[in-house]
Amino acid sequence: MVQPATHGADRALAALLRQAKTIAVVGLSADPTRASFRVAEFLQARGYAIIPVNPNVSDVLGVPAVASLSDLRQPVDIVDVFRRPEHCAEIAALAVAIGARVLWLQLGIVSDEAMAIAGRAGLTAVQDRCLKVEWQRLIGATP
């Protein structure tokens, strides 16, 4: 699990963000005013392959959506979660099942149960931090 604001944790997180290629965004909305859309759009513009995970949309940002992480047919590096905390333990278990390397709960989302599930399985687990903000802080300022 990554703890906030330590130099070692920041270096490890920056390395993970640089190595990652594919991000499944759970709860990604097709509404451009929603935070999930803006974060995914930002990440897609920086070269990440984004996979929308939302049973209520057919596609977002030009990418076909899947209803659940269990429907994915390709490897995922990061599972970025925009769902309420009560859903996060189940999402963490699915992230483990699909072989994701990172479980990321967005700013305002805290689930110790999800963090424990991910941590026991060896995933890097982050909660209550915005992936876009952390990318800008850790990578955006470097060449």
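FYI, it's all coordinate maths here, none of it is from the lab. Please read all numbers here as calculations on a predicted model, not as lab measurements. All Cβ positions, even for glycine, are placed from backbone atoms using ideal geometry, and neighbour counts span all protein chains on display.
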Can you tell me how much longer the chain between SER70 and ARG101 gets when fully stretched, taken as 0.36 nm per residue apart minus their C-alpha distance, in nm with one decimal?
9.6 nm
In terms of the Cα gyration tensor, with a ≥ b ≥ c the square roots of its eigenvalues, is the stretch 7-140 rounded because a/c is under 1.5, prolate because a/b exceeds b/c, or oblate?
rounded
If we count other beta carbons within 10 Å of each Cβ, what is the order of PHE82, PHE42, PHE37, fewest first?
PHE42, PHE37, PHE82
Highest mean packing first, using Cβ neighbours within 10 angstrom, the peptides 103-111, 15-23 sort as 103-111, 15-23
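Going by how many other Cβ atoms sit within 10 Å of their own, how do SER36, SER68 line up, fewest first? Present the calculation step by step, with values, prior to reporting the outcome.
Values: SER36 22, SER68 14.
By the 10 Å Cβ count, ascending, the order reads SER68, SER36.
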Inter-probe distance in nm under a simple model that places probes 7 Å from Cα toward Cβ, at ALA15 and ARG46:
1.8 nm
Taking the beta-carbon count within 10 Å as an exposure proxy, list GLU134, GLU113 from fewest neighbours to most.
GLU113, GLU134
